[in-house]
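In what follows, a single structure is set out as C-alpha cells and then discussed.
Where a number appears in this text, it was derived from the coordinates with a stated rule and is not lab data. Keep in mind it's a predicted model, so treat the numbers as computed, not measured.
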Amino acid sequence: MALHFERSEFDARRDRLMIEMTEKKLDAVLLFAQESMYWLTGYDTFGFCFFQCLVVKADGSMVLLTRSADLRQARHTSIIDNIVLWTDRDGANPAVDLRNLLNDLNLLGARIGVEYDTHGLTAFNGRRVDEQLQTFGQIADASGIVGRLRLFKSPAEIAKAEKAANLSDDALDAALPLIKQGGDEALILAAMQGAVFAGGGDYPANEFIIGSGIDALLCRYKAGRRKLTKNDQLTLEWAGVFHHYHAPMMRTVLTGKASKRHQELFDAARAALLAVEKAMTPGNTFGDVFDAHARTLEAHSLTKHRLNACGYSVGARFTPSWMDMPMFYQGNPEPIAPNMTLFAHMIIMDSETETAMTLGRTYLTTESQPKPLSRHDLDLIVQ
C-alpha cells in the first residue's frame, strides 16, 4: 500500500474521532470530504467529484461506498478493508445504495452524523441523501467533526509541512532569476511548479496565482500570460506541497525601481505581518490575529485597500482550494493553540494608483511565538 504515515498514526486519528463521536452521541458518521478520508485512512483520489462516502461507526469500523474506478485506488492508498461499489447506470441514485449499506450495518434508527459542508457533497447529492435518510434514523449535521481534528498537527504531519515549506522556498528561488524586464510569466510559473515537482512534491489544491502589471492586484488565478516591463510588479501566491500538505507563501516582487507607493505599502505589509506574528500565540484567538492586521493597516491609512481576512489554517487539502478552516477574520473565537500550521497573508491592493503589495508565509504555532517555516527573510524584493 502507498501509505504516507505509520499505521499507528491512523489508529490514533481513528481513536480521536471515536471520542468525538461518543461526546456527540453519534452511532455513525458519513464522511464526504476527501480531506477527512485522506486524514483518517490515507485514501488518495480526486474521485470525490462523484458520489462517494466513508461510513465510520462508533466502534471505529469503516466502509467506503464508491465507484469501480476508485476500487483499486482505495485498496492501494488506504487502510480501508471494506469497499462497496455503486454502479454507474442510467437513473442511478447512489444515495439509495448508501441507505442500503447503512441498513446492512444495522444502523436503522441510529443517530447518524452527516458531513454536509464539503465540496465532496454537492447540493444535488445532499438532497438525495436527505431524501433517503429522513425516515431512516436521527440525522445530525457533523460538518467539521474531522476538520477540527485535522487543525492540530501531529509530529509526523509537522514534518510534512516543513518539507512542503522547503519546496515553497525552492519555488521562489527558481522564480527570482526570471523576474526581470522581459521575463515571461509562463516561464516563471513553469519554474516554480517544476521546482516543487523536482523536489518530490505534489500538485497544489488550487492553481498558483501569478499576475503582473494591473493583474498584480488580483488574488485569484486567471488565464493569460504577459511579459514583465522595466518597472513592473509581479504578485505571486504559491505553495510547496508534500503528500498533500501545503505551505503557502505570497510575495509581490518588483522589477526596476521601487516606487514611493510600493515602499509605503511594503512597509505597512511588513509591519502588519510582524504584528500578526506577535498575536499568533496561545491565549489569543483567530479574531485577535485579524485585529492585529487590521489595526496596523488602519494606522497606515490603508483600511480601504485591505481584505476582510488575512489567512487561514493549512494542511492536507484537495481541489478546489488549499484554504482550510478556521480563518483569520473579525470576531473568530477559535483559540490559537500549539501545533497548528497557519498561513498569514498581508494583501494591500490600491486600485486608485494600481499598486499592489503582498507578503505572506506559513507558520507553525508553539507554546509561545510562532515559528516561520520559510527560510526567506521579509525584505522587499526588487529585481
Problem - Cα convex hull of the stretch 7-150, projected area averaged across orientations, nm² - result: 7.7 nm²
Problem - Long pairs among LYS160/LYS180; LYS227/LYS260; LYS163/LYS227; LYS163/LYS230; LYS260/LYS371; LYS24/LYS371, criterion Cα-Cα beyond 27 Å - result: LYS160/LYS180; LYS163/LYS227; LYS163/LYS230; LYS260/LYS371; LYS24/LYS371
Handout entry: Residue-averaged 222 nm ellipticity for the chain, from DSSP H runs of 4+ at -39500 (n - 2.57), nearest 500
Key = -11000 deg cm²/dmol
Handout entry: Cα gyration tensor shape for the stretch 79-147, rounded if a/c is under 1.5, else prolate or oblate
Key = rounded
Problem - Derived scalar couplings ³J(HN,Hα) [the stretch 193-207; Karplus, 6.51 cos²θ - 1.76 cosθ + 1.60; whole Hz; x for Gly, Pro] - result: 5, x, 5, 5, 5, 5, x, x, x, 10, 4, x, 6, 9, 5
Fill in the blank from the handout: The ³J(HN,Hα) series, computed from each phi in the stretch 30-41 with the Karplus coefficients 6.51, -1.76 and 1.60 at θ = phi - 60°, rounded to the nearest Hz and given as x for glycine or proline, is 9, 9, 10, 6, 4, 4, 5, 5, 5, 5, 7, 10
Exercise for the section: Determine the principal axes of the Cα atoms in the stretch 152-372, then give the extent along each, sorted from largest to smallest and rounded to whole angstroms. Expected result: 47, 43, 25
Problem - Options (1) 83, 50, 43; (2) 69, 43, 37; (3) 62, 50, 35 - which one matches Cα extents along the principal axes in Å as calculated here - result: (2)
Practice task
State the antiparallel share, in %, of DSSP beta bridges confined to the stretch 7-150, rounding to the nearest 5.
Solution key: 40 percent
Exercise for the section: Just need the relative contact order of the stretch 144-265 here, percent rounded to a whole number, with Cα pairs under 8 Å and 6+ apart. Expected result: 30 percent
Exercise for the section: Decide, for the stretch 254-370, between rounded, prolate and oblate: order the square roots of the alpha carbon gyration tensor eigenvalues as a ≥ b ≥ c, take rounded if a/c falls under 1.5, and otherwise choose prolate if a/b is larger than b/c, else oblate. Expected result: prolate
Practice task
Between the alpha-carbon centers of the stretch 106-150 and the stretch 233-270, tell me the distance in whole angstrom.
Solution key: 40 Å
Fill in the blank from the handout: In whole Hz, the Karplus estimates of ³J(HN,Hα) for the stretch 331-340 (6.51, -1.76, 1.60; θ = phi - 60°; x where Gly or Pro) are x, 5, x, 4, x, 6, 9, x, 6, 9
Practice task
Take the alpha-carbon centre of the stretch 1-16, take the same for the stretch 170-202, and report the distance between them in whole Å.
Solution key: 34 Å
Exercise for the section: For the chain, calculate the relative contact order in percent as a whole number, restricting contacts to Cα pairs under 8 Å that are 6 or more residues apart. Expected result: 14 percent
Fill in the blank from the handout: Scoring the stretch 204-314 by relative contact order with C-alpha pairs under 8 Å, at least six apart, yields a percentage of 18 percent
